[in-house]
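Each value in this text was obtained by applying a stated rule to the coordinates, not by laboratory testing. Here the structure is a predicted model, which is why all the values come from computation and not from measurement. Don't worry about glycine lacking a Cβ; one is built from the backbone with ideal geometry, like all the others, and counts go over all protein chains shown.
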Amino acid sequence: MASSTTKRKKKAPKKRRKPTPKRPTLIPAILFLLLTAGLLGVLYLIAGKHLPSQNPAAINKSPAAIQPGDSNNHRQPALKHKKEHQPPPTTQPASKLSKLIVYRLSKDFSQLVESPIIVNKNLTDRQKVQRIIELLTIPSQHNQAPLAQATKIRSVAFKTPLITVDLSADIRNNLINSGANDEIMAIACLSNSLLINFPRYDSLQILIDGKKCRTLAGHIDISRPLSYQTGINVKTD
């Protein structure tokens with residue numbers, strides 16, 4: 001028999017098994033990719049709203065750039081396209097124009113100077129009178145203005161055979177301390193310029209600030225209607 005003192009063999013300690021590592025799940029990665037893709041899609045849509053849209057038709061119509069080696073035949077269509085888009089000329093056709101006659105004074109106040117003026121044919125009679133009065137206050141290069149520059153037209157009335165024109169008292173500014181000849185010539189320029197452009201009327205009544213006046217500068221009676229002044233030398237401008 002074996003001795004009781006024989007030492008018992010010690011049992012070898014059991015080896016502990018290493019814990020098996022958990023396999024990573026794919027669900028969080030998939031969710032992350034989906035969220036990223038969605039965010040990029042939203043950003044793309046927002047950016048697309050703010051980008052300028054291009055019209056394909058406009059792109060097709062834009063002229064091609066001319067290369068340095070292009071011939072003259074390639075340049076001609078571009079030049080023609082540019083010419084067609086130039087603004088139309090501002091000159092009115094002759095059918096829409098008419099002529100007015102204005103009488104100014106010569107430099108020495110000795111005769112009337114006939115000056116043709118081109119205006120729009122569609123002007124009303126009152127607008128024509130307004131234009132004539134304005135031109136009588138503006139001197140030309142070689143002629144005197146018969147009326148003072150500050151002269152204004154207050155009103156005008158047409159009643160066959162009479163034209164009645166109401167002017168501001170400024171008409172007298174050029175006639176202060178003047179003689180009878182200057183007054184006659186100023187009245188002749190005014191009456192003849194109005195009556196020659198309105199052949200249906202044969203007399204002109206001048207009012208100053210709405211009232212009939214005896215004279216403009218103390219010499220010529222204007223309280224009654226005036227006719228076309230004849231017997232005065234006239235030259236053409």
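Multiplying the sequence separation of Lys99 and Glu114 by 0.36 nm and subtracting their Cα-Cα distance, what value in nm do you get?
4.2 nm
Taking 7 Å along the Cα-to-C-beta vector as the label spot, tell me the Ile184-Ala37 distance in nanometres, rounded to one decimal.
Using points 7 Å along Cα→Cβ, the separation is 10.7 nm.
List, in the order given, every pair from Lys107/Lys211; Lys128/Lys212; Lys107/Lys128; Lys152/Lys211; Lys128/Lys235 whose Cα-Cα distance in the structure shown is over 20 Å.
The answer is Lys107/Lys211; Lys128/Lys212; Lys107/Lys128; Lys128/Lys235.
Report ³J(HN,Hα) in whole Hz for each residue of the stretch 178-189, in order, from the Karplus equation J = 6.51 cos²θ - 1.76 cosθ + 1.60 where θ = phi - 60°; Gly and Pro get x.
Per residue, the Karplus-derived 3J(HN,Hα) values read 9, x, 5, 5, 5, 5, 4, 5, 5, 5, 5, 4 Hz.
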